[in-house]
Amino acid sequence: MLVSVKDGVAIRIQGDPSMPFTDGTLCTKVSHYLERTYAEDRVLHPLRRVGAKGRGQFERISWDAALDEIASRLSTLAASEDGPESILPLSYAGTMGMVQFSSMDRRFFNRLGASVLDRTLCSSAGKAGLKATLGGSVGMDPERFAEARLIIIWGSNPVVSNLHLWTRVAEARRRGAKVIAIDPYRSLSAEKCTQHIALLPGTDGALALGMMHVLVAEDRIDLDYVARYTLGFDELAERLKRYPPEWAARTCGLRTEEVVQLARDYASVTPAAIRLNYGMQRHAGGGIAARTIACLPALTGAWRDAAGGLLLSTNDFYGFDHAALERPELLGGRRPRVINHAAVGDALTAAKPPVRAVVVYNNNPVAVCPEAEKVLAGFRREDLFCVVMDCFLTDTADYADIVLPATTQLEHFDVHKSYGHLYVLANNPSIAPVGESLPNSEVFRRLAARMGFDEPCFRDSDEDLCRAALRSANPRMQGVAWDAVRESGWQRLNLPERFAPFAEGGFPTDSGRCEFYSASLEREGVDPLPFFNPPAESAASNPDLARRFPLAFLSPPARNFLNSTFANLKRFRDREGEPRLELHADDAAARGIRDGDRVRVFNDRGGYRLRAQVNDKPRPGVVVARSVWWRKFSPDGRNANDLTSQRVSDLGGGATFYDCLVEVEKA
Ligand SMILES: Nc1nc2c(c(=O)[nH]1)N[C@H]1C(S)=C(S)[C@@H](COP(=O)(O)OP(=O)(O)OC[C@H]3O[C@@H](n4cnc5c(=O)[nH]c(N)nc54)[C@H](O)[C@@H]3O)O[C@H]1N2
Ligand SMILES: Nc1nc2c(c(=O)[nH]1)N[C@H]1C(S)=C(S)[C@@H](COP(=O)(O)OP(=O)(O)OC[C@H]3O[C@@H](n4cnc5c(=O)[nH]c(N)nc54)[C@H](O)[C@@H]3O)O[C@H]1N2
Ligand SMILES: [Mo]
């Protein structure tokens, strides 16, 4: 992104036309980033709560007063009987730059010995699934999608959530590729595909097993690739006998021909690329499902081609030096307890010893964490000391004792990797911090000084941190150094342009092969071969619950919001209109609901009101509420996470937002 500045004020932003991945295009939200930077409701100075928790009433205080109070409260807790584990950082993806996401903050909490947050809100199920099969978060180069002849968009809505990949998919389509969406919902992306396979939520693993059964039964396997570069094919073939396409079709709510044809297309139309994304892994069986799907390209040898294979995340191609950023040695041998972010409601209400202070940054947990009633019960606690660092008074900030104003991307240094491309990006500040706002890194630097943490690493500047992040012996990082990246803005990892990562094996697993049979899973007590792990909440897996709550509830990203970011700005809220529940005409008719009616969606965990949008986009039995709305901008002050559960996925302890049964009634 390029920023034009006049008299210290940013007046124009544009995509960097030299950047190959974006080609100078900004997404719907970031193209209006200046409105966020200069928004009227931006927090400009530190604030202290004056009203009751949740009311959002504050008075202005100085930085010194704010930091003195925080340092004194945290020091007292650290020295108390419950110790430093009574303090919990709550941070997530508000910014994912290495400096503002995970550097000085981690040093600070390591030195303190605070409880460790397991950040599982987004991707940990799929990450663990990929690790078991491929050895890490690695896959094909997204820039090669344009050359694929077959593309499967699997549990993803890239028109909305991954625009720059979609550009490549659209290009492939123009060149005649077949593009297939696998999604219970006819999303904006599914609408633009050549074919849409609308399976039941949480059944993706079953579909992949059925496909693999067909591939083996019809001799559509690349036996040479399998013999050279995979592990456990014979055991897998034996296992697949349990999963004929008729079984898969029944489990997924599809026709047998759909399963068989998908397998045949997948094997015969090449190069074949799978864009797997995180939608499909937000279920109880999400980790095993991702692992199972990741077996497909090795069976057919799709990896041989740069435009074939699978992409969930490119994260592990980067060799950033996280230990240099986070300094785990500051723990000094202590091993603080670990708290799962996806179950933070339970942690704040029931952990022993109790959590007595939270420091929230890059995160809006009251809006984005599951089972909001429990999360709120935690944040309402009078005895919980709560600090929120943010650019805005979010739903979470309303419960803060102290609010600290945070900078935006225009106002701080950072260095980024990506999970969806292969470039290192510099984030150079173009304007001074707005108001009295400070970067996260600076806040933790100042807090460290106040708390007497005198290790020299607490004095590193943000550019020191950028430099440290890129200092790495990893061959893909050779030639990628901070000073050069800062100048050019971006640099591709040291990889060939036509990069086919596993054309000749070389998977980062222990065996160096794609592991159909996973000894690492076996060691964890998990079935080492792919199997179907059903959703926790579905008619097949929990018929009693499904009798009371027969509809599957999905709350995927809205086009004009980025999780809950941007959802406070009028432009984006106006574009989304109001919270809406999309439902199929059959499900609406069965409940006497018409398009435009006010409805209430509910289950045992909670409920909220929104406007019915009757269309045939969700398959029957599925309802969709595009998210994540701020609670305070919703008609009854609630949102989708009133319904979602704190249950975690089979692998990786990931959140299971889309594994959620509900009922709907006219309000
Ligand atoms: N505009 C916008 N872009 C974003 C975000 C945003 O909030 N807004 N968020 C960013 C973040 S943090 C992330 S993690 C990514 C997420 O990006 P993706 O992982 O691509 O997720 P979504 O775009 O939410 O697409 C999820 C799709 O999965 C479908 N789905 C739900 N359950 C299932 C299932 O069981 N099986 C299958 N096959 N499909 C299912 C949903 O209907 C939805 O269409 O997007 C990023 N980009
Ligand atoms: N129901 C439902 N819930 C979901 C999802 C879903 O699909 N459905 N998606 C899940 C997913 S994929 C994700 S990734 C999570 C995301 O959850 P979060 O990471 O909490 O993301 P946001 O809601 O965007 O909130 C980030 C906050 O960080 C702030 N911020 C941005 N930059 C900075 C900075 O530099 N410093 C500080 N201090 N603050 C900053 C923003 O203003 C914003 O308030 O939500 C999850 N929750
Ligand atoms: Mo995410």
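Here are a few things to note about the model shown:
- Fully extending the segment from D527 to E40, taken as 0.36 nm per residue of separation minus the present Cα-Cα distance, adds 169.9 nm.
- Projecting label points 7 angstrom from Cα along Cα→Cβ for T25 and A473 puts them 4.2 nm apart.
- FRET efficiency, 1/(1 + (r/R0)^6) with R0 35 Å, evaluated for I11 and Q57 via beta carbons: 0.55
- Solvent-accessible area of the stretch 37-152 (1.4 angstrom probe, protein heavy atoms only): carbon and sulfur portion equals 46 percent.
- Residue by residue, the stretch 94-104 carries 3J(HN,Hα) couplings of x, 9, 10, x, 5, 6, 8, 9, 7, 9, 4 Hz when phi is fed to the Karplus relation 6.51 cos²θ - 1.76 cosθ + 1.60 (θ = phi - 60°); x denotes Gly or Pro.
- With both labels modelled 7 Å from their Cα along Cα-to-Cβ, the R48 to A585 distance reads 6.2 nm.
- Relative contact order for the chain: 20 percent, from Cα pairs under 8 Å spaced at least 6 residues apart, divided by residue count.
- Set of aspartates and glutamates with alpha-carbon distance to K6 below 18 Å, sequence-local pairs under 8 removed: E35, E411
- Sparse-neighbour loop sites [GluC sites (Glu not before Pro); the stretch 290-386; at most 13 other C-beta within 10 Å; DSSP]: E382
- Taking 0.36 nm per residue of sequence separation and removing the Cα-Cα distance, the E436/L2 pair yields an extension gain of 153.9 nm.
- Within the same chain, aspartates and glutamates fewer than 8 places from K374 are excluded, and of the rest, those with a Cα less than 17 Å from its Cα are D346, E382, D383, D395, D398, D604, D642.
- Percent of Cα pairs exceeding the 37 Å cut-off, where the set is the chain: 37
- Residue-span extension gain [A79 to L545] - 0.36 nm each, minus C-alpha spacing: 163.1 nm
- Relative contact order (%) - the stretch 1-93, alpha-carbon pairs under 8 angstrom, separation at least six: 12
- Using C-alpha pairs under 8 Å with a sequence gap of at least 6, the mean separation divided by the residue count of the stretch 543-666 gives a relative contact order of 36 percent.
- Relative to the dominant Cα principal axis of the chain, helix 256-268 is inclined by about 80°.
- Set K131/K352; K131/K241; K417/K632; K178/K417; K617/K666; K192/K617 screened for pairs whose C-alpha atoms are more than 22 Å apart: K131/K352; K131/K241; K417/K632; K178/K417
- Accessible surface of the stretch 489-589 [probe 1.4 Å, protein heavy atoms]: carbon and sulfur percent: 48
- Integer Hz, Karplus 6.51/-1.76/1.60 couplings in order for the stretch 318-323, x for Gly and Pro: 7, x, 4, 8, 5, 5
- FRET efficiency, 1/(1 + (r/R0)^6) with R0 45 Å, evaluated for R594 and R334 via beta carbons: 0.15
- Cα gyration tensor shape for the stretch 543-666, rounded if a/c is under 1.5, else prolate or oblate: oblate
- Average accessible area per residue (Å²) across the chain - probe 1.4 Å, nucleic acids and ligands excluded: 36
- Per-peptide average of other Cβ atoms within 10 Å, ordering 180-192, 54-66 highest first: 180-192, 54-66
- Gap separating the Cα centres of the stretch 192-233 and the stretch 439-499, nearest whole Å: 41
- Annotation: lysines with alpha-carbon distance below 17 angstrom to K29 (same-chain offsets under eight excluded): K570.
The values are calculated or read from the model by the stated rules, or taken from the named source; none is laboratory data. Bear in mind the structure is a predicted one, so any value in this text is a computation, not a measurement. Quick reminder, even Gly has a Cβ in these numbers, built from the backbone with ideal geometry, and neighbours come from all protein chains shown. Note: areas computed on protein heavy atoms with side chains; ligands, DNA, RNA excluded. Shrake-Rupley method; radii C 1.70, N 1.55, O 1.52, S 1.80 Å.
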